[in-house]
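A.B. asks: Before anything else, here's the structure in question.
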Amino acid sequence: MIETLAGPGAGGVEDLTASDLLRAIRSRRAEEERAAADQLVLAARWADLHPPESIHSAAAFTVPGSEHEEPIAGEGAPLVAEFCLAELGGVLGTSTTAAKKLVGHALELRHRLPRLWAQVLAGRVPAWRARLVAETTIHATPALTQEAAGFVDAQVAAVAGRVGPAQLDRLVAEAIKRFDLAEADPAADPEDGYLSVDPRHVTIHDEDVHFAGTMRLEAELDIADAVDLDRALAHGAATLKALGSQAPLGARRSAALGDLARTQTALDLAGPGADREHLPPAREVVLHAHFDAGFSGEATVFGPTGRMEEGQRLVLLDQVKDWCADSRTKVTIKPVLDLNAQLTTSTYEVPDRIREQVVLRDRTCVFPWCTRPARGCDVDHVIEHDHGAAAEGLPQPGPTATWNLACLCRFHHRLKTHTAWTYRMTEPGCFEWTSPHGHRYRRDLTGTSPIDPAEPPDPTAIPRPRRP
């Protein structure tokens, strides 16, 4: 096996034959798969070392739009202290959510899918393939019991994990039916061997943005709904062409779908005799002007790109112009804010103007590798505000000022408050974090990067968590 591949002129890749190259890349792939399996083993052991305590709740996934939470692994897997996953995500260079998924998959495989787990450890099933199965069994609806998960495990392990998404869904559906996990449906055919699991969904893949500024949408519709939508898109595309659009058919159908989302529902609900002029706006565009935009005379000259606050994505200026061109678009231009100005107030509560400045400066939660939008975050006092300082005639150590405020999502705000994680602002929008185990990270507007310590942290000097 080739241990290293040196650069040009050093007996490296250029000197390898075709056969050598194939052997080398196969070796690297095998090493990668072994390392992925080792990560699962280590993640499970990390979970073993961090059971929930009285001051730390068990880790779980929140379900958007509801108060319901889903566990990181299914029934029969051990619980894990929620705050320990931030430390793991930090050293992996991933978000806390990604670390939560890694630990959840490891526990799901070890405790509920033991046959598949054994095949991963033996190198017969790649870790990524086993994790896909674990993700499905963890979040099945209704939840799988240990027996039902064992049924899926036996079927998948029999084919060394080689099942596609459709096959896996059928296996889960069969497990739900076989173990009577679904609520009885009076209209269901008791002789039907295939469980009626509703597959309908509409998913917008907002993490996969094309350089042209587009997103992919995936949907599973009722047949009648699909036929109606197809007709509506065909009609909309034809209308756009009749109005002079030179775009290809696919682009016109895509634009027609956007038109449906913005106007069709409002028009239908308004009724035939309604006053269309007082309908709510089809789209609202809020423009924030910053001092980093150039100025030429009395006109503001923006660069060719802007930043979309939702998702923190760059957008082309031409796209913004198109968004604003619709006659039913509401355009709001926010007052100019200098993101480098130091604003302050004598109160503990953060005024709207200061909050807006901090939100626009930080863009996301400032915890390492967290990408939650700042607008939905708490505004935290980096240096704790002393509510009794004024009464005692002491200077306020943690004032409500731009230089002492940062955006933290609710989870990382709680983590900062109740654990030994600490951070400080080194310059506007730039933060240095230190974990309980002494690992340090720099977070700025370009992202997160680890700070190499001058010497390894001393485990005996790790501070104990702060108790509420």
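A.B. asks: Considering only residues of region 47-74 that are at pLDDT 65 or above and acidic (Asp, Glu), which is farthest from Thr145 (Cα to Cα)?
C.D. replies: Result: Glu53.
A.B. asks: When you go through (1) crowded, with 19+ Cβ neighbours inside 10 Å; (2) at pLDDT 95 or above; (3) of a type outside the set (A, V, I, L, M) one by one for Cys430, which number turns out not to apply?
C.D. replies: With respect to (1) crowded, with 19+ Cβ neighbours inside 10 Å; (2) at pLDDT 95 or above; (3) of a type outside the set (A, V, I, L, M), Cys430 is out only on (1).
A.B. asks: Within the group Glu207, Glu220, which residue is at pLDDT below 85, over 29 Å from Leu116 (Cα atoms) and either surrounded by fewer than 10 Cβ atoms within 10 Å (Cβ to Cβ) or not assigned by TED's automatic domain parsing to the domain that holds Ala73 (or both)?
C.D. replies: Glu207
A.B. asks: Could I ask something else about it? State which residue pairs qualify: first residue under 10 Å from Arg110 (Cβ atoms) and inside region 29-49, second residue charged (D, E, K, R) and buried (at least 17 other Cβ atoms within 10 Å of the Cβ) in any location, beta carbons under 8 Å apart, and separation of 6 or more residues or different chains.
C.D. replies: Qualifying pairs under 8 Å: Leu40/Arg131; Ala44/Arg110.
A.B. asks: Check every one of the strands (runs of 3 or more DSSP E) wholly within region 357-458 and list those with 1 or more residues that are over 22 Å from the mean Cα position of the chain (by Cα) and of a type in the set (Phe, Trp, Tyr).
C.D. replies: 422-427
A.B. asks: Please find, within region 384-407, the residue that is surrounded by the fewest Cβ atoms within 10 Å (Cβ to Cβ) out of those that are touching a residue at least 40 places away in the same chain (Cβ under 8 Å) and closer than 21 Å to Ala420 by Cα.
C.D. replies: Among those residues, the one meeting the criterion is Leu405.
A.B. asks: Does at least one position in region 129-150 carry a residue that is surrounded by fewer than 16 Cβ atoms within 10 Å (Cβ to Cβ) and farther than 16 Å from Gly74 by Cα?
C.D. replies: no
A.B. asks: Would you be able to tell me the number of residues in region 369-397 that are more than 25 Å from Thr434 (Cα to Cα) and in contact with a Pro (Cβ under 9 Å, 6 or more places away or on another chain)?
C.D. replies: Result for region 369-397: 1.
A.B. asks: Ala86 - would you say it is surrounded by 21 or more Cβ atoms within 10 Å (Cβ to Cβ), touching a residue at least 40 places away in the same chain (Cβ under 8 Å) and either of a type in the set (S, T, N, Q) or assigned to a loop (DSSP other than H, G, I, E, B) (or both)?
C.D. replies: Numbers: surrounded by 21 or more Cβ atoms within 10 Å (Cβ to Cβ): yes; touching a residue at least 40 places away in the same chain (Cβ under 8 Å): yes; either of a type in the set (S, T, N, Q) or assigned to a loop (DSSP other than H, G, I, E, B) (or both): no.
So Ala86 fails the test.
The values are calculated or read from the model by the stated rules, or taken from the named source; none is laboratory data. Nothing here was measured: the structure is a model prediction, and the numbers come from that model. Cβ: placed from backbone, ideal geometry, glycine included. Neighbour counts: every protein chain shown.
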